[in-house]
Amino acid sequence: MTKRLGIFGYPLHHSLSPLFQQAALGALGIDAKFEGWPTKPEDFAQAVEGLRADDCLGCCITQPHKEAALELVDELDPPAEAIGAINTIVNTDGRLKGYNTDAPGFIRGLRESVGFEPEGRSALILGAGGAARGIVYALREAGVSRMAIANRTEERAQTLARDMSRARFRPDAISLDVDQLANFAPYADLIVNATSMGMRGGSADEESPLPPELISGNAVCYDAVYVPPVTPFLEASEGAGAQVAGGLSMLIYQGAEGFKLWTGQDAPVDVMFDAIPPTMRGD
Ligand code: NAP
């Protein structure tokens, strides 16, 4: 029986997951089809119930469903519970377990694309939405020593900082105001754009969350946005002499984690990267 996998989201214009996941399934000879499942919020709960079928291995989840999905599974992987969002569900004999693979996918992407080792380093995270939650959690677990979270809606940054605080890790929470950013950005070893600023088709697709003069040439700058491969934030960071990487590595590695959970096999990540059209890889 051909097994089913897919990605839920709405809208689902830019998803590259069906492309690279299908390539990986094919490369390992796994009889499964990975589809795009555009699903409106009002239809999402019923669609998740459909994952319990015998022929379904599970799914990926993207916005706007990552938080709603928490309530729809039978069990949560502990990091997913701490992060407060899931992007992967595994179906085992009709029982659904939720995972957040954005967090390990981000750390692996950071290490493999720019060789950044977070332990003992300082970080500035721009954004406080779903992606930022996974990234802040991942960096905390990887041993970052100091962190500031900056968000357009400052209260959301405060909530995220509070949620992720523990004994020796208490992030500062600020707005995107230039004067506040100036206290952190020039001194950060790592700056991550986890806002949707710079994302093609978004409301701020030509904007960067950070003025270029605040970016240090010593920083590593990572953009979670992967369409386009070079965003205004990365362009400015490169101009400042910083080491830069776009979000494609996070996308592939979060998918690789999911692949292993669904199939029990290590994902062929080279096949996954090769499946991405060169224009979207920034080649
Ligand atoms: P989200 O939960 O909707 O959060 C959006 C974030 O962007 C919030 O912090 C929001 O600030 C901020 N924002 C949006 N428009 C803004 C504007 N005009 N000016 C300033 N801030 C603005 O979305 P998400 O899931 O976190 O995704 C964020 C980005 O990460 C997206 O581009 C997504 O494609 C990307 N992403 C990439 C991967 C990957 O694998 N590479 C994985 C997940 C997400 P407010 O709180 O003030 O609204």
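The values are calculated or read from the model by the stated rules, or taken from the named source; none is laboratory data. No experiment lies behind these values; they were computed from the predicted model shown. Every residue, glycine among them, receives a Cβ derived from its backbone with ideal geometry; neighbour counts consider all protein chains shown. Note: accessible area is taken over every heavy atom of the protein model, side chains too, but ligands, DNA and RNA are not part of it. Shrake-Rupley method; radii C 1.70, N 1.55, O 1.52, S 1.80 Å.
Among the numbered criteria (1) more than 16 Å from the ligand (Cβ to nearest atom); (2) in contact (Cβ under 8 Å) with a residue 12 or more places away in the chain; (3) in the same structural domain as Phe20 (by TED's automatic domain parsing), which one does Ala68 miss?
Single failed check for Ala68: (1).
Just for the range 207-230: of the residues that are within 9 Å of the ligand (Cβ to nearest atom) and not charged (D, E, K, R), which one is most open to solvent (accessible area, probe 1.4 Å)?
Filtering first and then ranking leaves Tyr226.
Could you list all residues from the range 15-39 that are within 16 Å of the ligand (Cβ to nearest atom) and open to solvent by 50 Å² or more (accessible area, probe 1.4 Å)?
Leu19, Pro38
Do you know which residues across the range 118-134 are under 18 Å from the mean Cα position of the chain (by Cα) and more than 9 Å from the ligand (Cβ to nearest atom)?
Within the range 118-134, Pro118, Ala123, Leu124, Ile125 meet the criteria.
Suppose the filter is surrounded by fewer than 17 Cβ atoms within 10 Å (Cβ to Cβ), part of a strand (DSSP E or B), in the same structural domain as Gly258 (by TED's automatic domain parsing) and not β-branched (Val, Ile, Thr); does Glu42 pass it?
So Glu42 fails the test.
Scan the range 137-156 and give yes if some residue there is at pLDDT below 95, more than 10 Å from the ligand (Cβ to nearest atom) and not charged (D, E, K, R), otherwise no.
Taking every residue of the range 137-156 in turn, none turns out to be at pLDDT below 95, more than 10 Å from the ligand (Cβ to nearest atom) and not charged (D, E, K, R).
Tell me which residues, restricted to the range 164-179, are more than 14 Å from the ligand (Cβ to nearest atom) and surrounded by 15 or more Cβ atoms within 10 Å (Cβ to Cβ).
Met164, Phe169, Pro171, Asp172
From the list Ala240, Ala275, Ala245, Ala267, which one is touching a Ser or Thr at 6+ places or on another chain (Cβ under 8 Å) and more than 20 Å from Ile135 (Cβ to Cβ)?
None of the others qualify; the one that does is Ala240.
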